[in-house]
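Participant: Could you have a look at this structure, given as structure tokens, before my questions?
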Amino acid sequence: KYVERPLLVDGKKFDLRCWVLVTGWNPLCIWIYDESLARFCSDPWDLCHIGNRFAHLSNVSVNKDAYNARAEAGGGGGEQVWSSETLAAHLAKITGRPDVWRKEVQPKIKELVTVSLRSAQNEIKQRKGSFELYGLDIILDDSLQPWLLEINLSPDLRGTTPVKAAIGHAMIEDMLTLVLDIGLDALHKVPAI
């Protein structure tokens, strides 16, 4: 079902790219990276023009050309990607609740991630010594309720924007520290989340 009342920022729809590392399926061992990306559509959201992919699809690969063309024409166009820290500050400003991201939105996202991965837990064959990184795309509605759009296997980690490059690079370093330095055997004994 299409989310008909998405949370908008300056009239534009966005989604969140959350990175989730699974180091075990039975028991389920999930590591959710604290930072996520808010990826913005390049055109204002309008439910009457559902065919406008620049207003309804927030993927960086879909919108980069529109953002680049506007920047070259001197029109600016705003940021294509925000960090979750920037989004948290924006949410605090518009709601008047300073911890709305950390105390309200993030716990709901963690629950959504957990429920989603548990639904596949009995279908996945765990190989010893393996792990998987997923990119979950989540949208917030205007009441700050998160909705899962899709789960991506092998998510795009290219640094296509400065924000994405910085956060993605840090996430990869943390992931490798976790699986290589701590080790997968030790991680299976640690309850994640």
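Participant: Taking the Cα centre of each part, how many Å lie between the stretch 132-165 and the stretch 113-129?
Facilitator: 19 Å
Participant: Let me ask you something else. Which pairs break 18 Å Cα to Cα here: Lys1/Lys125; Lys13/Lys64; Lys64/Lys164? List each step's numbers first, then the result.
Facilitator: Working: Lys1/Lys125 30 Å; Lys13/Lys64 15 Å; Lys64/Lys164 13 Å.
Pairs exceeding the cut-off: Lys1/Lys125.
Participant: Here's a follow-up. I'd like to know which of Asn152, Gln80, Leu28 lies farthest towards the positive end of the charge dipole of the chain, counting +1 on Cβ of Lys and Arg and -1 on Cβ of Asp and Glu.
Facilitator: Of the options given, the answer is Leu28.
Participant: Based solely on its DSSP helices, what 222 nm [θ] is calculated for the chain when runs of n ≥ 4 H residues each add -39,500 (n - 2.57) and the sum is averaged over all residues, nearest 500 deg cm²/dmol? Intermediate values should be presented prior to the final figure.
Facilitator: Working: 6 runs with 61 residues, N = 193.
The per-residue figure over the chain is -9500 deg cm²/dmol.
Participant: Show the residues, 5+ positions off or on another chain, whose built amide H is closer than 5 Å to the amide H of Gly24.
Facilitator: Those qualifying (amide H under 5 Å, at least 5 residues apart or on another chain) are Cys29.
Participant: Still on this structure, I have one more. Determine the per residue accessible area of the chain with all protein chains present and a 1.4 angstrom probe, expressed in square angstrom. The partial results should precede the final answer.
Facilitator: On the way: 10640 Å² over 193 residues.
Ligands and nucleic acids excluded, the result is 55 Å² per residue.
Participant: Also: What is the chain's relative contact order, in percent, from Cα pairs under 8 angstrom and six or more apart in sequence?
Facilitator: RCO, the chain: 28 percent.
Participant: May I pose another question? I'd like the Karplus ³J(HN,Hα) series for the stretch 99-109: coefficients 6.51, -1.76, 1.60, θ = phi - 60°, whole numbers in Hz, and an x wherever there's a Gly or Pro.
Facilitator: In residue order, the calculated couplings are 9, 4, 5, 6, 9, 10, 6, 4, x, 5, 5 Hz.
Participant: Classify the chain from the C-alpha gyration tensor, please: rounded if a/c falls under 1.5, else prolate or oblate depending on whether a/b exceeds b/c. Mind dumping the intermediate values first?
Facilitator: Working: a/c = 1.91, a/b = 1.68, b/c = 1.14.
In terms of gyration-tensor shape, prolate.
Participant: So, one more: Probe radius 1.4 Å, ligands and nucleic acids ignored: give me the carbon and sulfur share of the accessible area of the chain as a rounded percent. Provide the component values of the computation, followed by the final result.
Facilitator: Values: 5700 of 10640 Å².
The value for the chain is 54 percent carbon and sulfur by accessible area.
Participant: Let me ask another. Could you order the peptides 25-37, 103-115 from most to least packed, using the average number of other C-beta atoms within 10 Å per residue? Present the calculation step by step, with values, prior to reporting the outcome.
Facilitator: Details: 25-37: 18.2, 103-115: 15.5.
Answer by packing, highest mean first, reads 25-37, 103-115.
Participant: Once phi is turned into θ = phi - 60°, what whole-Hz ³J(HN,Hα) does the Karplus curve with 6.51, -1.76 and 1.60 give for every residue of the stretch 169-181, x standing for Gly and Pro?
Facilitator: Karplus-based 3J(HN,Hα) across the stretch 169-181 equals 5, 5, 4, 5, 4, 5, 4, 5, 4, 5, 7, 9, 7 Hz.
Participant: Another question about this same structure. Taking the 0 to 90 degree range and rounding to the nearest ten, how far is the long axis of helix 84-95 tilted relative to the main principal axis of the chain, both from C-alpha atoms?
Facilitator: 60 degrees
The values are calculated or read from the model by the stated rules, or taken from the named source; none is laboratory data. Bear in mind the structure is a predicted one, so any value in this text is a computation, not a measurement. We place every Cβ from the backbone using ideal geometry, glycine too, and count neighbours over all the protein chains shown. These accessible areas exclude ligands, DNA and RNA; they are computed on the full protein's heavy atoms, side chains included. Shrake-Rupley method; radii C 1.70, N 1.55, O 1.52, S 1.80 Å.
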